[in-house]
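What follows is one structure encoded as structure tokens, with my remarks underneath.
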Amino acid sequence: MKKRRFLSVLGMIGLAAALLISGCSSQSSTQQGDKVELYMGYSSDPPTKKKMEEIIAKFEQSHPHIKIKTMTAPYDDFYQKLTTQIAAGNAPDLWQSDGTKVFGYAQRGAILDITDYVTKEISKEELNGLEFNKDSDGKYWGVPQGIQVGALFYNKDLFDKAGVPYPTADWTWDDLKAASVKLTLDANGKNADDPAFDKKSVKQYGFAFFGSSRGAFNILKAYGGGVLDPTLTKSIINSPENKKAVEWMVDGMQRKLFPNPADLKAFQSNFKAFLSGAVAMQIDIYAATTSMNGAGLNYDVAPMPKGPDGKRFAPVIANSWVINKKAEEQKVKAAKEWITYWTTSDEAQKEWTEVGEAIPVKKSVANSEMFLNPATKPENKKVFLDTLEFAGTIDTNAVFTEWVKVFTDNLAELFMDKYGTDEFITKTDQGIQKVLDDFFKKQ
Amino acid sequence: MLELQTEQQAKPAVKKRKWLDSEGRWGLLLVSPYLIHFLVFVVGTSVASLYFSFSDYDILNPPKWTGLDNYEKLFEDPLFYRSLWNTAYFTILYVPAKTFLALLLAVALNQKLKGLKFFRMVHFLPVISSWTVIAYVADAVFNQRIGFANAFLSKLGIAPQNWLIDEFWVIPVLVLIAIWKSVGYMMIIFLAGLQGISSDMYEAASIDGANAWQKFWRVTVPMISGTTFLVIILNTIYSFQNFEQIFVMTGGSTEAGSTGGANNASLVLMLFMFRQAFSFFKMGYASAIAWVLFLILLAITLIQFKLQKKWVHYD
């Protein structure tokens, strides 16, 4: 008797708990008549959030049957939240995904294959970067929302002071290193060419690179090497081309022309070295222009230097709109309407270009005076558009973050002189292959 | 069985009804918010994570049962041992040093002098500051280029160190900062313990001719051994669960390569787990790490409880 009562009380608590939980996660999917409520997610900071809200308001005006509800947070928080939302089944119907994360979601089955829509309704001639979200099977998983492409950023003031001519489109990586020698200064103002140069007290470096899109990957590629094969399931680290590229980098580190990871850390963040004027050149992506303009740097951009055989490579990240695989049909339709609006409306494109976050995806807008405006820095914005001709993705696949971790950790060890080039190549090759096998062999 | 029956019969029926009708019902009703919370967010999530730890779970898709796979992989993973050692090393440096320092501070601030409130407050300030703020302050000291620490060393003619990037220094420096941040909190707990010691004890000791050191060692230390025990347990658990500090100071950035310090020298268990779950989509593996971490902590705490009989006095 007593036991039964206790059980029923427990049951009631359980029921109450269940109600509480379902109450929390229930979404108000109000659909009166043809009206659709589209749930959209995007990562933002205050200026991009404001701009996005303005664009959404304009979209709702011209598409009165769609009401957009948004979920937004700063970059890191956004993806953590999104992941848990997908797990709980209440993720947005449509979200803006970082270009490096699209395949992570696609190959884990979280987003919709939109090949049909892309091939039928999106014009390749009018849009930048559509190919970057196509997987090796030819399937499209997203439509570009904004394009990031890498270039060589240089600080004009430091070049002028050293009397070194600005980088040109003909530069090779060796030209860059030769210029770095003159641009690297110690505490007494002596450059790296000077026999009295003090390696222990470098106060200005010639060139900095770090991380994935801004890092060694681009140099390996220009030398004819790379990290993964075209199927993105096999490591190709162990190649003579890569070895040459790695030796080029290590030499620069040892001569202190480039800051090593520890030197960079001393600037509080990897980005601060160039921003504070302590580094003359850096590989960076278009998004960096906002903070560089904010810091009041006198800078410009040049195309990425060529490798020994004239090969050139620049990283591209196509941040994209992707659709939730579990979204209802009606919402998928609305999501596509939004994507079409985003990619075809001059108004939306121009609004977004104004925040300076990305290169416009619509070619006509990207080539317009509005984007190329020479009155704002960098003057040479056309470099970014020209770069798209030879740019490629940074081998993003489903386990991108994981293999990049192995790659950059090992590189850091190499640059800190913990081991030599050969050991780096063997260790990294095995480490990356293990990560790849762990995921792809299970598929 | 027979005994049970007789016991039940012996209980007056009235009393039973009363328990269920008034007190029991009210009691359950009043604690029900807690009970619901406990069942859903403590029992529920623990059971779920235990299940996940035996499965291949990428968060986005339903978990697939794989038995002991995750645990097998874990015990073969060199990074697991690396992070386990880092965590243990942190604890070994952190717990004794902090406990001792907190006690010393508490004794010093337990005097009846003017301005003590100010000093107690000053020691408590870092406790209430967020790790982000502390990171900025710590950077002013340990930054390789502009920090005080290297400026001071260079005056002594010693070469500058890379503090938070150097494999050798990173854990000791993190421990130092962690102690500074939270010693005030433990000091407050000790102060409470110290104030519970009756002044008669010290008077009696004085009469017996004890000097200050003897009073501290023979009276204060044994009298607050209960508090000391609590402080040690709390610090050990904190040390094993330390995440925020290490995340903020040696790699919270989105650049995947920078988490966990040079050569994973500051990769602690919590950071290792976080990375597996939220960066690599390996929730099953992360759950296995969580359970191993729980078992380790449980074992350590049980050992500490066993050992307390030898040195903790309650009266």
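The values are calculated or read from the model by the stated rules, or taken from the named source; none is laboratory data. Since we're looking at a predicted model, the values are computed, not measured. Counting neighbours? That spans all protein chains shown, and the Cβs are built from the backbone with ideal geometry, glycine included.
Some values worked out for this structure:
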read-out	value
Filter result (over 13 Å from residue B:60 (Cα atoms), in contact with a strand residue (DSSP E or B) (Cβ under 8 Å, 6 or more places away or on another chain) and in a helix (DSSP H, G or I)) within the range A:78-116	A:78, A:99, A:100, A:102, A:115
Selection count where residues are touching an Asp or Glu at 6+ places or on another chain (Cβ under 7 Å) and part of a strand (DSSP E or B), scope the range A:276-314	1
Residue B:86 being assigned to a helix (DSSP H, G or I) and in contact with a Phe, Trp or Tyr (Cβ under 8 Å, 6 or more places away or on another chain)	no
Those residues of the range A:318-360 which are in contact with an Asp or Glu (Cβ under 8 Å, 6 or more places away or on another chain) and among the aliphatic types (A, V, I, L, M), in sequence order	A:323, A:327, A:332, A:334, A:335
Test: residue in the range A:286-308 that is modelled with pLDDT under 95 and of a type in the set (Val, Ile, Thr)	yes
Any chance residue B:102 is crowded, with 18+ Cβ neighbours inside 10 Å, small (Gly, Ala, Ser) and in contact with a helix residue (DSSP H, G or I) (Cβ under 9 Å, 6 or more places away or on another chain)	yes
Condition met for residue B:117 (more than 13 Å from every other protein chain (Cβ to nearest Cβ), under 30 Å from residue A:186 (Cβ atoms) and of a type in the set (D, E, K, R))	no
Residue check for residue A:152: touching a strand residue (DSSP E or B) at 6+ places or on another chain (Cβ under 7 Å) and closer than 30 Å to residue A:127 by Cα	yes
Out of A:408, A:401, A:428, A:421, sole residue that is touching a Gly at 6+ places or on another chain (Cβ under 6 Å), in contact (Cβ under 8 Å) with a residue 60 or more places away in the chain and not hydrophobic (A, V, I, L, M, F, W, C)	A:408
Residue in the range A:41-51 that is within 14 Å of chain B (Cβ to nearest Cβ), modelled with pLDDT of 90 or more and either surrounded by 16 or more Cβ atoms within 10 Å (Cβ to Cβ) or assigned to a helix (DSSP H, G or I) (or both) present	yes
Any hit, the range A:404-421, residues being in a helix (DSSP H, G or I), buried (at least 20 other Cβ atoms within 10 Å of the Cβ) and touching a Leu at 6+ places or on another chain (Cβ under 8 Å)	no
Selection count, the range A:246-275, where residues are assigned to a loop (DSSP other than H, G, I, E, B) and buried (at least 16 other Cβ atoms within 10 Å of the Cβ)	11
Qualifying residue in the range A:378-394 (condition: within 14 Å of another protein chain (Cβ to nearest Cβ), within 19 Å of residue B:78 (Cα to Cα), buried (at least 21 other Cβ atoms within 10 Å of the Cβ) and not polar (S, T, N, Q))	no
Test: residue in the range A:320-333 that is at pLDDT 95 or above, in contact with a Pro (Cβ under 7 Å, 6 or more places away or on another chain) and within 14 Å of chain B (Cβ to nearest Cβ)	yes
Single residue of the range A:52-82 satisfying the filter (within 14 Å of another protein chain (Cβ to nearest Cβ) and at pLDDT 90 or above) that is farthest from residue A:341 (Cα to Cα)	A:81
Hits in the range A:124-158 - residues which are buried (at least 22 other Cβ atoms within 10 Å of the Cβ) and assigned to a loop (DSSP other than H, G, I, E, B)	A:128, A:129, A:141, A:142
Of residues in the range B:127-176 being farther than 26 Å from residue A:417 by Cα and polar (S, T, N, Q), the one modelled with the lowest pLDDT	B:132
Number of positions in the range A:179-219 that are of a type in the set (A, V, I, L, M), more than 12 Å from chain B (Cβ to nearest Cβ) and in a loop (DSSP other than H, G, I, E, B)	2
Residues of the range B:52-77 satisfying the condition of being touching a helix residue (DSSP H, G or I) at 6+ places or on another chain (Cβ under 9 Å), within 14 Å of chain A (Cβ to nearest Cβ) and assigned to a helix (DSSP H, G or I)	B:52, B:69, B:70, B:73, B:74
Matching helices (runs of 4 or more DSSP H) fully within the range B:120-234 where at least 1 residues are closer than 26 Å to residue B:88 by Cβ, more than 14 Å from chain A (Cβ to nearest Cβ) and not basic (Lys, Arg)	B:131-142, B:170-195
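Listed here are the residues, each with its yes/no results for (1) in contact with a strand residue (DSSP E or B) (Cβ under 8 Å, 6 or more places away or on another chain); (2) of a type in the set (S, T, N, Q); (3) closer than 17 Å to residue A:102 by Cβ.
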{"residue": "A:344", "(1), (2), (3)": "yes, yes, no"}
{"residue": "A:349", "(1), (2), (3)": "yes, yes, no"}
{"residue": "A:364", "(1), (2), (3)": "no, yes, no"}
{"residue": "A:375", "(1), (2), (3)": "no, no, no"}
